[in-house]
Amino acid sequence: MNTEPRIPYKFADLEPAMSRDTLVFHFLRHQRVCHDRMVALARGTQFETLDLEELVRVTERNPAHHALYRYAAEVWNHDLYWRSMRPRGGGAPSGLMAQQIAGRFGTYERFAREFRDAASAHFGSGWLWLVWRSGTLQILTTSNAGTPLVRGDTALLALDLWEHAYYLDHQNRRAAYVNTFLEELVSWEDANRTLASLTAASESRAVARVRPEAPALLRRTGL
Ligand SMILES: [Fe+2]
């Protein structure tokens, strides 16, 4: 199982938007702990050789393995969360994400408003997501360790709504944390890469569907 968590920047690199202490505590006291407990529970079982995404999907299907599922899902969720931020980030996306946000929400400002509203409406601990579902963008939340990975959605952006993600910097002011995420931290690079690979995959499936009809077309046109 190659699941060693890592943050793709240094702990202090998100300052002043997110303090070094927040990132140190979050990574070492939460994600690392979930990772170590996941590895301990999987050791010597049929799950030991699975990659992280498979482990999340397989254990979610069986309530007997939900302790392992919760730890694995938290490791996976945090991995995307770290990649959803970058030093000197924030602001509207460019490229494919800009196009899709314009198509789905009209404007980036409307997207940001719905994103903030979903965070405020979510009760308790959980996650805020921007996912790709049935060919369009969707904002949704999950409770506790819940992850869109098991719903057939493709997660593009993750925001941790557990208080441990923002309490040191913002105390209980979740709205201030979400604003800071949107204005100073969000990174669209990973989302743009994922969306590009989804688009490429759907185009190649479309080509594959067209190809079998080609001989009939050739026969009809006499070519
Ligand atoms: Fe967290």
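None of the figures in this text is laboratory data; all of them are computed from the coordinates on show. Everything quoted here is computed from the prediction, not taken from an experiment. Glycine gets a Cβ as well: all are built from the backbone with ideal geometry, and neighbour counts include every protein chain shown.
Tabulated values for the structure
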| item | result |
| --- | --- |
| Residue identified as assigned to a strand (DSSP E or B) and within 16 Å of the ligand (Cβ to nearest atom) among 80, 137, 128 | 128 |
| Members of the range 55-77 found to be closer than 10 Å to residue 149 by Cβ and either among the acidic types (Asp, Glu) or not in a helix (DSSP H, G or I) (or both), listed by number | 60 |
| Scope the range 150-178; condition away from the ligand (no atom under 16 Å from the Cβ) and not in a loop (DSSP other than H, G, I, E, B); matching residues | 150, 151, 154, 156, 175, 176 |
| Any hit, the range 191-200, residues being buried (at least 17 other Cβ atoms within 10 Å of the Cβ), away from the ligand (no atom under 16 Å from the Cβ) and under 18 Å from residue 18 (Cα atoms) | no |
| Single residue of the range 12-35 satisfying the filter (more than 14 Å from the ligand (Cβ to nearest atom) and under 21 Å from the mean Cα position of the chain (by Cα)) that is surrounded by the fewest Cβ atoms within 10 Å (Cβ to Cβ) | 13 |
| Tabulated pairs, the range 30-43, first free of Cβ contacts under 8 Å to residues at least 40 places away in the same chain, second exposed (fewer than 15 other Cβ atoms within 10 Å of the Cβ), C-beta under 9 angstrom, 6+ apart or interchain | 37/67; 39/48; 41/67 |
| First in the range 76-87 and under 14 Å from residue 33 (Cα atoms) and among the aromatic types (Phe, Trp, Tyr), second anywhere and away from the ligand (no atom under 12 Å from the Cβ) and outside any helix (DSSP H, G or I), Cβ under 7 Å, 6 or more apart | 76/147 |
